Structure formats: structure tokens, C-alpha cells
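Notes to accompany the following structure.
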Amino acid sequence: MALARVKASGGVPQLVSRREGPRELWHRDPEVLPGGKAVIFGTHDGSGSGGFQNIVMQSLVTGERKTLLEGARLPRYAESGHLVYESGQTMMAAPFDKDTLTLTGPAVRIEGVRLARFSRQGTLAWVPSVPQTELMLLWVDREGNETPVIDARKQYIGPRVSPDGNRLAFWMGGTDSHVWILDLRRGVMDQLTTTGRNWWCSWSPDGSRIAFISLRSEESAEAANLYWKAADGSGAAEQLTQGPFYDQPTSWTRDGKSIIFQRSFHPQTGWDVMMLSLGGDHKLQPLLNSPANEFRGELSPDGRWLAYVSTEAGPPGVFVRAFQGPQRKWRISPAGISAGDPLWSPDGKELFYRDLYAEKVVAVDVETGDEFAAGTPRVLFDDCYFEHIAYGRTYDITPDGGRFVMVKEMNPPPRRIAVVLNWFEELKRLVPTGKN
């Protein structure tokens, strides 16, 4: 995932940057500097907010590049003569010479501001945030009534109910992220993974194993692959895939012999839905790999139909197609809205998704016999719950289909935008550049 440029009138994109070293998975947040001869951007190893990330400057004339700042992100040039960026959870500003493309003085903290943007005229805007989001696991019934799963507030993400309904697997975010299992009868949590950074888990149909994505090497972002391990914690985790991709499990075939996962990021096909045989040959089969992004492959309970998200018609939408056989597809979410996170009811008679525009959890009655048919979407309850639309589904359903497990932000940031006019004057006062 490098940077490319294309003429405003259209044409073939041309590569601008190239990954240098195994700890550069992404190049992102680019900004062309005044004069158009250089670009600043961020590099990232893809392992989340605690990952390895730098700010880089590259000449658009010679291609020469240099690292300006380590452990920093979101670079932006200010006409006041500053480079503004984030380090950790703090916004920073340092004097920057746009002619020599160098930092000319020490950085200063900008207190109380982060994830900000500013205009060329010096108007600053940001959404006020809390120091760290507190997340809670909740049972939510079909009317939207909430009951805590557990009282503790932690960084829970991606909960998955076990096939027997007695356990809950999830991962907890942070610099050292791991997969955990909660015994719902005893209220006791056990850490399943102990090595590397681990995300997004999925139960095998018999509940004996858990698949997850794991970054096992601090030196290589290309080691973020698919693993699995016994759900009781015994034995070592086994690596199932290799290569410079993110392989994230989403579903299993009903016989437990294959895992369906989403793979990112292929230069020609973007996000793809893949299937891996768990037999001796570990055969890999692309299920969806068109030029559009396809992800969140979820197999129906009868194993005949695959629900997924695709950007083939614009904003992400939910579709269904036959798992095997003719490739006809059905659109489930209405056109023109952004929808994601499909989830089948345990009996296969409903398909749920999240309407990201209206912020609703939606249900659609479906028929999944020899032929597929879908009814009209209907709202179940307001979706005021945490979502991670870029990567994985953050809710699940109980085996009896009566309740959902959701993740809720208990101290969400206020829904307002803070604006400061003439901010560059304050920036010059806080961080002198040494120039008139």
C-alpha cells in the first residue's frame, strides 16, 4: 500500500513511493508541500495505534526520501512555517523550513488537541475526545434493551459467542493486544494468546479451536497472518498462512475443514475473500477477488450462501451470493447507503447488518433453500455501539438468536466540532520559527 499520483484529468496512476524495509506495510496521510516538489507522508507497520510508524519526506523530482520523525503520524504543513503531527495521543508542532525541507527547532506539545485539521488560512478544527475510551460488553435484545455481560470496562473488540453459548472470545486493544476467552457461567477471563500482537478471532464450528490474526515479528509487518489454537489454551498456536497480507478470519465451513477469511491488501484487487483448506495441503482458494474491495465473508448456517460486503457499486454494501455454483448475487442493503458487518441468524432465516448512515441495526428475512430470496430490511434497534468498519465485525448473536453481544463506548467524545480562528498566530507564539 504505497502512494500513487494521477493527472486531475484522469489517466493511469503512477507509483510515487516504495516500501523500504519490512516494517513499512502502509504509506498514508500524504500532503504535497508548497512548490509541488516534495511530499510528506506517514509509514506504518499495520499493527494498530501502537504500531511502528514514522513521518517521511520524499522528493517528487529525484525520489530521494528521508525520515523526519520516528514514532509520529498524521503530518501536516502549516503556512505559518510549522510541521504539525501527532506523537502518541498528543498533537505536536515543530518549526519547519519548506525550502530546505528540514526541521529547524524542537517540537512543542499542543495541549488538548488531537486528530485536528486546519485550513491554509489558519482555522483549526477538531472533535474533542476523551483520554482513553472505556468499552463495555453488553447483551442487547431485539428491542434494544441492554444488560451488562461483565461489569469491568476494558478495551474489548470483536466479541464472538462460542457455538454452545457458554463462552465469549474477543481481543483487547492496546500496544500488546491479545485474544481472551470469558467463561459466561463463571465470569472468569483467560488469556488465550501470549506471543506477538493478536486480533480478530473466530470459533471453529465445534468450539474446539479459535482462529485469529497475529503479528509475530517486531521486524516484519508481513508476518501478520492467520493462526489457530486450541480454545482451552493447550498447545502452541499454529501459523496457517504466510505472505505480505493481513489474513483475518471471518467464518468457517460447517464441517470445520476450511476457514473463510478476508485478505488485504492486494495491489490489483484490494480486499478479497479467501478460503483456506485445513487439510494437509492447506489449499488456498479465492472466493471473491474482483477489482472492487470485498470483505466480511460470512457463510450461512446451511453452508449454501455467502454474505459479504463490497464496494463494487460505490459505498460499502451488503450482498449475498451462492457459496458454490452459479455466481448470481443479491443486494441486501439499499443502494446509496453505507452498510456493513453482515451476520446470519443461527437458524438462517434472517440476515443482519449495520446501516452506518442511519446508525441502525437492521434485519432482513431471507430464504436459503435451493433458491435464495430476501425480504424488506427492517430496523431492529438504534446502533449506538462501537464499530470498526475498516477491519472487522464488532458484534455477534447468541445461539438461540435472542440476544446480541455489542461493544459500547461508555465515555464517548462529545458530538461537536471545536473551531479556533487565526490559530496560526497562536502557533507562532507557542513555537517560534526564528523568521519574521
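The values are calculated or read from the model by the stated rules, or taken from the named source; none is laboratory data. This one's a predicted model, so the numbers in the text were calculated from it and none came from an experiment. Positions of Cβ are generated from backbone atoms using ideal geometry, with glycine treated the same way; all protein chains shown enter the neighbour counts.
One table, with the values for the structure above:
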quantity	calculated
The stretch 60-75 residues that are assigned by TED's automatic domain parsing to the domain that holds Thr90, paired with ones that are of a type in the set (Asp, Glu) (beta carbon under 8 Å, 6 or more apart)	Arg65/Glu20; Ala72/Glu86; Arg73/Asp29; Arg73/Glu86; Leu74/Asp29; Leu74/Glu86; Pro75/Asp29; Pro75/Glu31
Filter result for Asp396 (of a type in the set (Asp, Glu), modelled with pLDDT of 95 or more and either under 27 Å from Asn166 (Cβ atoms) or not assigned by TED's automatic domain parsing to the domain that holds Thr147 (or both))	yes
Only listed residue being in contact with a Gly (Cβ under 8 Å, 6 or more places away or on another chain) and of a type in the set (A, V, I, L, M), chosen from Val431, Val379, Val405	Val431
One residue from Gly42, Gly71, Gly35 being of a type outside the set (Asp, Glu) and surrounded by 13 or more Cβ atoms within 10 Å (Cβ to Cβ)	Gly42
Selection count, the stretch 414-427, where residues are in contact with a strand residue (DSSP E or B) (Cβ under 8 Å, 6 or more places away or on another chain) and assigned to a helix (DSSP H, G or I)	4
Selected residue (only one of Leu124, Leu192 is over 27 Å from Ala224 (Cβ atoms) and either surrounded by 14 or more Cβ atoms within 10 Å (Cβ to Cβ) or assigned by TED's automatic domain parsing to the domain that holds Tyr395 (or both))	Leu124
Flag if Phe381 is more than 30 Å from Trp330 (Cβ to Cβ), touching an Asp or Glu at 6+ places or on another chain (Cβ under 8 Å) and buried (at least 19 other Cβ atoms within 10 Å of the Cβ)	no
The one condition in (1) at pLDDT 95 or above; (2) of a type in the set (A, V, I, L, M, F, W, C); (3) surrounded by 15 or more Cβ atoms within 10 Å (Cβ to Cβ) that Ala373 fails to fulfil	(3)
Members of the stretch 342-367 that are part of a strand (DSSP E or B) and either aliphatic (A, V, I, L, M) or farther than 23 Å from Leu288 by Cα (or both)	Leu343, Leu351, Lys360, Val361, Val362, Ala363, Val364, Asp365, Val366
Checking Ser129 against (1) within 30 Å of Phe381 (Cα to Cα); (2) in a strand (DSSP E or B), the condition it does not meet	(2)
Qualifying residue in the stretch 148-161 (condition: more than 19 Å from Cys201 (Cβ to Cβ), part of a strand (DSSP E or B), in the same structural domain as Phe404 (by TED's automatic domain parsing) and in contact (Cβ under 8 Å) with a residue 12 or more places away in the chain)	yes
Among the candidates Leu103, Leu124, Leu138, residue that is at pLDDT below 95 and among the hydrophobic types (A, V, I, L, M, F, W, C)	Leu103
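Residue by residue, here is whether (1) more than 29 Å from Ser310 (Cα to Cα); (2) of a type in the set (A, V, I, L, M, F, W, C); (3) touching a residue at least 60 places away in the same chain (Cβ under 8 Å); (4) out of contact with any Pro (no Cβ under 8 Å at 6 or more places or on another chain) holds:
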{"position": "Gly196", "(1), (2), (3), (4)": "yes, no, no, yes"}
{"position": "Trp199", "(1), (2), (3), (4)": "no, yes, yes, yes"}
{"position": "Leu215", "(1), (2), (3), (4)": "no, yes, yes, yes"}
{"position": "Ala230", "(1), (2), (3), (4)": "yes, yes, no, yes"}
{"position": "Glu238", "(1), (2), (3), (4)": "yes, no, no, yes"}
{"position": "Gly243", "(1), (2), (3), (4)": "no, no, no, yes"}
{"position": "Gly256", "(1), (2), (3), (4)": "no, no, no, no"}
{"position": "Phe261", "(1), (2), (3), (4)": "no, yes, no, no"}
{"position": "Phe265", "(1), (2), (3), (4)": "no, yes, yes, yes"}
